[in-house]
Amino acid sequence: MIHSLFLVNSSGDIFLEKHWKSVVSRSVCDYFFEAQERASEPENVPPVIPTPHHYLISVLRHRIYFVAVIQSEVPPLFVIEFLHRVVDTFQDYFGVCTEAAIKDNVVVVYELLEEMLDNGFPLATESNILKELIKPPTILRTMVNTITGSTNVGEQLPTGQLSVVPWRRTGVKYTNNEAYFDVVEEIDAIIDKSGSTITAEIQGVIDACVKLTGMPDLTLSFMNPRLLDDVSFHPCVRFKRWEAERILSFIPPDGNFRLLSYHVSSQNLVAIPVYVKHNISFREGSSQGRFDLTLGPKQTMGKSVEAVLVSSQLPRGVLNANLNSSQGTHTFDPVTKMLTWDVGKINPQKLPSLKGTMSLQAGASKPDENPTINIQLKIQQMAISGLKVNRLDMYGEKYKPFKGIKYMTKAGKFQVRT
């Protein structure tokens with residue numbers, strides 16, 4: 001299936017490669033580099049690129065392209081999911097998935113890739129199993145391995161591999177038994193000039209951190225499970241129970257894992273958390289333009305909107321921007337024409353505004369179109385879809401665990417047209 005994997009950094013250099021079946025020349029990545037040059041943004045590179053003898057399937061995570069080389073037709077989403085699993089594993093092992101972290105732990109990286117893929121087919125991708133096979137690197141273990149010449153590969157088979165619950169190892173023991181769940185929703189929206197919603201959808205995930213002794217059996221129920229569309233589960237979830245009762249029933253993996261991801265596409269269910277009042281105008285024959293922007297909270301159920309960052313790509317003819325902000329800091333790059341305004345937390349009593357003038361090139365014609373405004377934000381303790389966990393119960397063990405649920409909403413591609 002997967003013949004080779006190439007890791008490409010933001011500069012376009014291949015800094016790591018791994019081959020499973022036969023060695024594929026690096027020159028195959030030239031097709032990828034050509035597609036990268038044609039793309040307007042790094043994330044706009046096509047995920048599947050056909051070449052005369054191969055298919056290149058890639059994902060972009062943490063400013064690194066993970067490019068898989070395939071020789072025969074396979075379901076692309078299968079490969080893309082595997083590549084995301086590789087990135088998540090690196091992040092789990094090294095804390096971060098950066099070029100420096102991968103280079104510093106290159107031996108462990110090759111050991112992991114060797115276990116995750118067998119002759120080009122996925123084998124062990126669960127974090128629990130991999131950690132029994134290959135011990136995560138520590139400073140002490142790295143020093144011992146350097147001196148003795150030994151490796152991080154474990155000597156015994158993972159206990160989970162031989163059980164009906166391969167994602168959970170046996171004999172797990174904790175002094176403090178805890179189960180935490182994070183409901184994180186990302187809103188993608190396009191708002192038109194008048195403030196009407198053109199398109200809006202929510203991508204949500206429930207991430208879990210479960211540290212429970214023994215073999216607990218958990219059930220998680222929601223107040224309004226019918227909100228969820230296009231749900232994707234961790235293999236531990238009993239799908240028939242979900243179909244029948246809309247209840248999540250599962251024996252959890254040990255540690256951190258993604259329980260499910262979901263999608264809310266019904267536009268009337270998507271609340272827009274902020275509104276934007278804007279007046280961006282350029283007059284014909286004038287070397288001045290007006291910029292007036294005000295932000296305010298909307299449909300946030302009383303929760304505060306935090307970490308607000310506004311960015312806008314101004315027209316090429318703009319030489320400079322003389323602006324004043326009532327809150328936060330703003331910068332304008334005269335080379336890239338990018339205006340950035342770090343607002344911070346929105347105070348509903350005193351709405352943040354950014355006002356001033358823009359200087360245009362002398363004799364330049366009026367820009368063809370007004371710039372779009374991109375917004376990033378966070379709202380703690382709120383799921384914008386209205387999703388709420390009803391209760392979490394545990395069976396099969398006698399102790400009482402500590403349980404916690406946290407909600408967070410953030411902006412994905414949130415764009416306001418002016």
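Exactly one condition in (1) loosely packed, with under 14 Cβ neighbours inside 10 Å; (2) in contact (Cβ under 8 Å) with a residue 60 or more places away in the chain is false for Val23; which is it?
For Val23, the failing item is (2).
If we keep just the residues of region 132-173 that are among the polar types (S, T, N, Q) and loosely packed, with under 12 Cβ neighbours inside 10 Å, which is modelled with the highest pLDDT?
Among those residues, the one meeting the criterion is Thr138.
With respect to Gly95, determine if the residue is of a type outside the set (D, E, K, R), touching a Phe, Trp or Tyr at 6+ places or on another chain (Cβ under 6 Å) and on the phi > 0 side of the Ramachandran plot. Full working, then the answer.
Numbers: of a type outside the set (D, E, K, R): yes; touching a Phe, Trp or Tyr at 6+ places or on another chain (Cβ under 6 Å): no; on the phi > 0 side of the Ramachandran plot: yes.
Spelling it out, it is not the case that Gly95 is of a type outside the set (D, E, K, R), touching a Phe, Trp or Tyr at 6+ places or on another chain (Cβ under 6 Å) and on the phi > 0 side of the Ramachandran plot.
Looking at Glu306, is it acidic (Asp, Glu) and either in a strand (DSSP E or B) or within 16 Å of Phe414 (Cα to Cα) (or both)?
When the stated conditions are applied, Glu306 passes them.
Test each condition in (1) open to solvent by 40 Å² or more (accessible area, probe 1.4 Å); (2) of a type in the set (Gly, Ala, Ser); (3) at pLDDT 95 or above for Gly95 and report the one that comes out false.
The one condition Gly95 does not meet is (3).
Being loosely packed, with under 13 Cβ neighbours inside 10 Å, more than 25 Å from the chain's Cα centre (by Cα) and among the polar types (S, T, N, Q) is the filter here; which residues of region 192-243 pass it?
Ser194, Ser196, listed by residue number.
Cβ-Cβ under 9 Å, sequence separation 6+ or interchain: first residue in region 38-62 and on the phi > 0 side of the Ramachandran plot and surrounded by 12 or more Cβ atoms within 10 Å (Cβ to Cβ), partner among the aliphatic types (A, V, I, L, M) and assigned to a loop (DSSP other than H, G, I, E, B). Which pairs?
Every condition considered, the pairs that remain are His62/Val96.
Given the structure, is Lys388 in contact (Cβ under 8 Å) with a residue 60 or more places away in the chain, under 28 Å from the mean Cα position of the chain (by Cα), within 30 Å of Asp229 (Cα to Cα) and open to solvent by 70 Å² or more (accessible area, probe 1.4 Å)?
Yes, satisfied.
What's the total number of residues in region 302-323 that are of a type in the set (Asp, Glu) and out of contact with any Gly (no Cβ under 8 Å at 6 or more places or on another chain)?
In the first step, residues of region 302-323 are kept if they are of a type in the set (Asp, Glu); the result is 306.
When the remaining residues are screened for being out of contact with any Gly (no Cβ under 8 Å at 6 or more places or on another chain), the result is none.
Of the residues in region 302-323, 0 are of a type in the set (Asp, Glu) and out of contact with any Gly (no Cβ under 8 Å at 6 or more places or on another chain).
Filter region 275-294 for residues that are among the hydroxyl-bearing types (Ser, Thr, Tyr) and assigned to a loop (DSSP other than H, G, I, E, B); which is most open to solvent (accessible area, probe 1.4 Å)?
Result: Ser287.
With the requirement that a residue be modelled with pLDDT of 90 or more and part of a helix (DSSP H, G or I), what does region 108-131 give you?
Listed by number, the residues that qualify are Val108, Val109, Tyr110, Glu111, Leu112, Leu113, Glu114, Glu115, Met116.
Specify the residue that is nearest to Val274 (Cα to Cα); the eligible residues are those in region 341-358 that are in a strand (DSSP E or B), open to solvent by 40 Å² or more (accessible area, probe 1.4 Å) and not charged (D, E, K, R).
Across region 341-358, the extreme among qualifying residues is Asn347.
Within region 310-324, which residues are in a strand (DSSP E or B) and open to solvent by 50 Å² or more (accessible area, probe 1.4 Å)?
Matches in region 310-324: Gln313, Leu319, Asn320, Asn322, Asn324.
Return the only residue of Lys403, Lys398 being assigned to a strand (DSSP E or B), at pLDDT 90 or above and not aliphatic (A, V, I, L, M).
On inspection, the qualifying residue turns out to be Lys403.
When you go through Thr372, Thr357, Thr340 one by one, which is the residue that is among the β-branched types (Val, Ile, Thr) and over 23 Å from Gly285 (Cα atoms)?
Criteria check complete, one pass: Thr340.
For region 1-14, which positions are out of contact with any Pro (no Cβ under 9 Å at 6 or more places or on another chain) and either surrounded by 15 or more Cβ atoms within 10 Å (Cβ to Cβ) or of a type in the set (D, E, K, R) (or both)?
The answer is His3, Ser4, Leu5, Phe6, Leu7, Val8, Asn9, Asp13, Ile14.
Kindly state which strands (runs of 3 or more DSSP E) lie completely within region 156-274 and contain at least 1 residues that are of a type in the set (Gly, Ala, Ser) and touching a Lys or Arg at 6+ places or on another chain (Cβ under 8 Å). Quick ask: steps written out before the conclusion?
Details: elements: 178-191, 197-211, 217-222, 229-233, 247-250, 255-264.
Fully inside region 156-274 and qualifying: 178-191, 197-211, 217-222, 247-250, 255-264.
Quick one: is Arg246 more than 26 Å from Met382 (Cα to Cα) and more than 25 Å from the chain's Cα centre (by Cα)?
Here the answer is no, as Arg246 does not meet what is asked.
So for region 369-378 (the condition being touching a Gly at 6+ places or on another chain (Cβ under 6 Å) and either surrounded by fewer than 16 Cβ atoms within 10 Å (Cβ to Cβ) or part of a loop (DSSP other than H, G, I, E, B) (or both)), does at least one residue qualify?
The answer is no; no qualifying residue exists.
The values are calculated or read from the model by the stated rules, or taken from the named source; none is laboratory data. These numbers were taken from a predicted model, which means no experiment stands behind them. Every residue, glycine among them, receives a Cβ derived from its backbone with ideal geometry; neighbour counts consider all protein chains shown. Ligands, DNA and RNA are stripped out before the accessible areas are found, and what is left, the full protein with its side chains, is counted by its heavy atoms. Shrake-Rupley method; radii C 1.70, N 1.55, O 1.52, S 1.80 Å.
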